[in-house]
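I have placed the structure first, in the form of structure tokens, so that the comments after it can refer back to it.
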Amino acid sequence: MDQTLNDALLAACSTGNLDEVNRLIEQGADVNCKNGDGRTGLMRASKRGYEEIVKKLIEHGVDVRARDKNNDTALMGAAKHGYRGICQMLLDAGCEVNSHDNNGRTALMRAAFQGELAVVECLVEAGADMNAYDAKGRTALMEAVTAFKVDVIHYLLAKGADVNRRDNEGCTCLMRACYGGYTDLAIFLLNRGADKSVKDNAGRTALEYVRNNDSELIELLK
């Protein structure tokens, strides 16, 4: 296999040059070639939103499940950057919706942290596990709470995400909201079943996470 062609294909996928991608594939470039970090042209095109290139690579049999050295997939890159159309194409082509990287993070966790509601919806509809957790025990809902992505929080809870899940430190979404000073969000979580009596690994409840002396929230948490 001509490495020069493969390197050129990777570059064309990175820059969004569809004509060059077509030319290189016709000349025999390997659509599954990787760089030194294990990244493919599909991964590069997906994270940059080059939908037509993604479509072309899929048409030519690219491995949509390929992983790089960090176990990242093309779906994870597209999800993080909010490209729902690409996510749907990858899922339709057989990409695994619940695959996780070396840190246990899934495409759903990445989209939730970035507040990419359309992608979150796409992934959940495709069977993403809302209660999957990463190496730190954090779920997509926790990521959305940490980043204060309210629309995503509402959606995940409406779909049945576990509001009382505890991470490796015993911290819950309610505790995160209290620590972040997100009073309205904390109240919302309480109304959606968050348990204020839960204690973290150090024996602290959500009340002890409140930092802004919010009298309304403190009263609700007592």
Restricting to segment 90-110, give me the number of residues that are in contact with a Ser or Thr (Cβ under 8 Å, 6 or more places away or on another chain) and not in a loop (DSSP other than H, G, I, E, B).
5
Which condition does GLU59 not pass, out of (1) in contact (Cβ under 8 Å) with a residue 12 or more places away in the chain; (2) surrounded by fewer than 20 Cβ atoms within 10 Å (Cβ to Cβ); (3) closer than 16 Å to ASP92 by Cα, if it passes all the others?
(1)
Only one residue in LEU5, LEU10 is hydrophobic (A, V, I, L, M, F, W, C), at pLDDT 95 or above and either within 25 Å of the chain's Cα centre (by Cα) or not in a strand (DSSP E or B) (or both), so which one is that?
LEU10
Determine the pairs where a residue that is hydroxyl-bearing (Ser, Thr, Tyr), located within segment 180-191, has a partner that is part of a helix (DSSP H, G or I) with Cβ atoms under 7 Å apart, the partner being 6 or more residues away or on another chain.
THR183/GLU216; THR183/LEU217
Any chance ALA66 is closer than 16 Å to ALA45 by Cβ and either in a loop (DSSP other than H, G, I, E, B) or at pLDDT 95 or above (or both)
yes
State the number of residues belonging to segment 150-178 that are out of contact with any Ser or Thr (no Cβ under 9 Å at 6 or more places or on another chain) and either surrounded by fewer than 22 Cβ atoms within 10 Å (Cβ to Cβ) or touching a residue at least 40 places away in the same chain (Cβ under 8 Å) (or both).
13
Wholly enclosed helices (runs of 4 or more DSSP H) of segment 111-222 bearing at least 3 residues touching a Lys or Arg at 6+ places or on another chain (Cβ under 8 Å)
117-125, 140-146, 173-180
Looking across segment 62-87 at residues that are farther than 23 Å from ALA135 by Cα and surrounded by fewer than 20 Cβ atoms within 10 Å (Cβ to Cβ), the single one that is nearest to the chain's Cα centre (by Cα) is GLY82
Being surrounded by 14 or more Cβ atoms within 10 Å (Cβ to Cβ) and either in contact with a helix residue (DSSP H, G or I) (Cβ under 7 Å, 6 or more places away or on another chain) or at pLDDT 95 or above (or both): is that true of ARG211 here?
no
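The values are calculated or read from the model by the stated rules, or taken from the named source; none is laboratory data. As the structure is a computational prediction, the values presented were derived from the model and not from experiment. Counting neighbours? That spans all protein chains shown, and the Cβs are built from the backbone with ideal geometry, glycine included.
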